[in-house]
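First comes the structure, then the notes that go with it.
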Amino acid sequence: MTTTTKPQLNPFLKLVLDLGPLLLFFFANSHYGIFVATATFMVAILAAMAVSYVMTRHFPIMTIVTAIVVVVFGGLTLILHDATFIKVKPTIIYALFGAILIGGLGFNKPLLGIVFDSLFHLTEEGWRKLTLRWALFFFLLAGLNEIVWRNTSTDTWVDFKVFAVMPLTLLFGALQMPLLKKYSVEPAE
């Protein structure tokens with residue numbers, strides 16, 4: 001029996017598709033303000049999804065959830081002309097991801113294994129520990145977003161989104177390497 005693997009994006013292209021909309025959001029905010037930035041972000045997220053789909057013929061679940069929340073809260077930001085909605089969006093996404101991961105653990109289903117199935121091959125214990133760590137990290141990001149948007153200017157919040165959250169996420173991911181090595185297993189043939 002032959003198994004087919006899902007087409008994977010080139011890692012550089014994946015990075016561009018993940019970071020591109022955020023960088024466009026930052027650029028548009030610094031030149032045109034939060035409302036143009038929000039519209040730019042919405043279009044960029046949908047364009048990145050389309051490119052990803054054309055290249056791989058599937059949508060990752062996290063991408064779908066993120067896009068839905070971006071379009072809904074971005075739309076509310078533009079329709080109501082209130083930046084609060086776009087500022088709350090990351091809190092909702094991070095809390096939702098954290099809750100989904102914790103919920104999966106509650107049902108003995110480390111859902112992070114589904115997200116990263118082709119990247120890492122870990123033991124069940126490894127997937128559980130990694131899932132718990134990412135869930136807690138998402139809750140931490142949700143809390144940080146709430147603190148920053150409620151206590152700083154919109155421009156400072158945008159800077160935080162671009163220049164703090166992404167590096168923190170990359171650093172947190174890098175800090176998981178010892179766990180990945182400890183619980184790594186050879187992929188099944």
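The values are calculated or read from the model by the stated rules, or taken from the named source; none is laboratory data. Predicted model, so just to flag it, every value in this text is computed and none were measured. Cβ sites come from the backbone with ideal geometry, for glycine too, and all protein chains shown count toward neighbours. To get the accessible areas, we keep the full protein, side chains included, count just its heavy atoms, and leave off ligands, DNA and RNA. Shrake-Rupley method; radii C 1.70, N 1.55, O 1.52, S 1.80 Å.
Scaled to the globular estimate 2.2 N^0.38 Å, the Cα spread of segment 83-189, given as radius of gyration, is 1.21.
In terms of Cα to Cα distance under 19 Å, which lysines are near enough to Lys182, apart from those fewer than 8 places away along the same chain? Counting by Cα, and skipping residues close in sequence, Lys182 has these lysines nearby: Lys129.
Taking R0 as 25 Å, what's the FRET efficiency between Leu23 and Leu175 from their Cβ-Cβ distance, rounded to 0.05? Calculated transfer efficiency: 0.55.
According to the square roots a ≥ b ≥ c of the eigenvalues of the Cα gyration tensor, what is the shape class of segment 89-129, taking rounded for a/c under 1.5, prolate for a/b larger than b/c otherwise, and oblate for the remainder? Don't skip to the end; give the middle numbers.
On the way: a/c = 3.08, a/b = 1.64, b/c = 1.88.
Judged from the Cα gyration tensor, segment 89-129 comes out oblate (a/c at least 1.5, b/c at or above a/b).
Quick one: grab the alpha carbon gyration tensor of segment 39-133, order the square roots of its eigenvalues as a ≥ b ≥ c, and give me rounded if a/c is under 1.5, else prolate or oblate depending on whether a/b is larger than b/c.
On the way: a/c = 3.70, a/b = 1.61, b/c = 2.30.
It comes out oblate by the Cα gyration axes.
Compared with the alpha-carbon gap, the fully stretched path from Val36 to His81 is longer by 15.1 nm at 0.36 nm per residue. The mean of 1/r over all pairs of different alpha-carbon atoms in the chain, once inverted, gives a Kirkwood hydrodynamic radius of 17.8 Å. Of the residues Ile102, Ile68, Ile79, Ile45, the one with the largest accessible area comes first in the ranking Ile79, Ile68, Ile102, Ile45, computed with a 1.4 Å probe on protein heavy atoms.
Ordered from highest to lowest accessible area with the whole protein assembly present and a 1.4 Å probe, Leu144, Leu101, Leu80 read as Leu80, Leu144, Leu101.
A straight chain from Leu13 to Glu186 at 0.36 nm per residue would run longer than the Cα-Cα distance by 59.6 nm. Here the Karplus relation 6.51 cos²θ - 1.76 cosθ + 1.60, evaluated at θ = phi - 60°, turns the backbone of segment 44-61 into coupling constants of 5, 4, 5, 5, 5, 4, 5, 4, 4, 5, 4, 7, 10, 6, 7, 10, x, 4 Hz, with x for every Gly and Pro. Solvent-accessible surface (1.4 Å probe) assigned to Arg133 amounts to roughly 100 Å². Label sites at Val72 and Tyr53, each approximated as a point 7 angstrom past Cα along Cα to Cβ, lie 1.9 nm apart.
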